[in-house]
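Visitor: Here's a structure for you.
The values are calculated or read from the model by the stated rules, or taken from the named source; none is laboratory data. Given the structure is predicted, the values throughout are model-derived calculations rather than measurements. Quick reminder, even Gly has a Cβ in these numbers, built from the backbone with ideal geometry, and neighbours come from all protein chains shown.
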Amino acid sequence: MGQMIDEEDCEICVPFDQEWIFTYGDLVTLLLCFFILLFSMCRTDVEKSKQISDSFKSMPPGSPFIFSGQSSTLDKASKELEQLRFRMMSLSMLQKLVLKLVSVKR
């Protein structure tokens, strides 16, 4: 059988003192995932967001994430977005009406 050699006496064994590379690799991977998520969510599609929200509502009643009877934050945000769109349309229609009235008076 072979003789046991200490790592210090071994000519082949080279100490690996660059353990930071593993942490760096994890960091780069997590940053990549983060930016992919940001990119995938940069365009807000209300219908897709509502479908995602509805998929979470089918969780069991004992789920700690969704309480029964309460609407999710995404539902509230989509309702506020629809109200804002309605107000913007109303303001543009009101602006056109005022411009017509002003042009008629001249």
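Visitor: Name every residue in segment 1-25 that is surrounded by 10 or more Cβ atoms within 10 Å (Cβ to Cβ) and either under 37 Å from the mean Cα position of the chain (by Cα) or assigned to a helix (DSSP H, G or I) (or both), in order of residue number.
Guide: Tyr24, Gly25
Visitor: Moving on. List the residue pairs whose Cβ atoms are under 9 Å apart, where the first residue sits in segment 6-28 and is polar (S, T, N, Q), the second is modelled with pLDDT of 90 or more and surrounded by 10 or more Cβ atoms within 10 Å (Cβ to Cβ), and the two are 6 or more positions apart or on different chains.
Guide: As it stands, the answer is none, since no pair meets every condition given.
Visitor: Among the listed residues Leu37, Leu30, Leu74, Leu81, which satisfies the condition of being modelled with pLDDT under 75, in a helix (DSSP H, G or I) and under 21 Å from the mean Cα position of the chain (by Cα)?
Guide: On the way: Leu37 fails: modelled with pLDDT under 75; Leu30 fails: modelled with pLDDT under 75; Leu81 fails: modelled with pLDDT under 75.
Among Leu37, Leu30, Leu74, Leu81, only Leu74 is modelled with pLDDT under 75, in a helix (DSSP H, G or I) and under 21 Å from the mean Cα position of the chain (by Cα).
Visitor: Pull up segment 41-66, narrow it to residues that are surrounded by 10 or more Cβ atoms within 10 Å (Cβ to Cβ) and assigned to a loop (DSSP other than H, G, I, E, B), then point me to the one that is modelled with the lowest pLDDT. Reasoning before the result, please.
Guide: The initial filter retains those residues of segment 41-66 that are surrounded by 10 or more Cβ atoms within 10 Å (Cβ to Cβ), namely 41, 44-46, 48-54, 56-57, 59, 63, 66.
Now narrow it down to the ones that are assigned to a loop (DSSP other than H, G, I, E, B): 41, 44-45, 59, 63, 66.
Details: Met41: 76, Thr44: 71, Asp45: 73, Met59: 59, Ser63: 57, Ile66: 52.
Within segment 41-66, the match that is modelled with the lowest pLDDT is Ile66.
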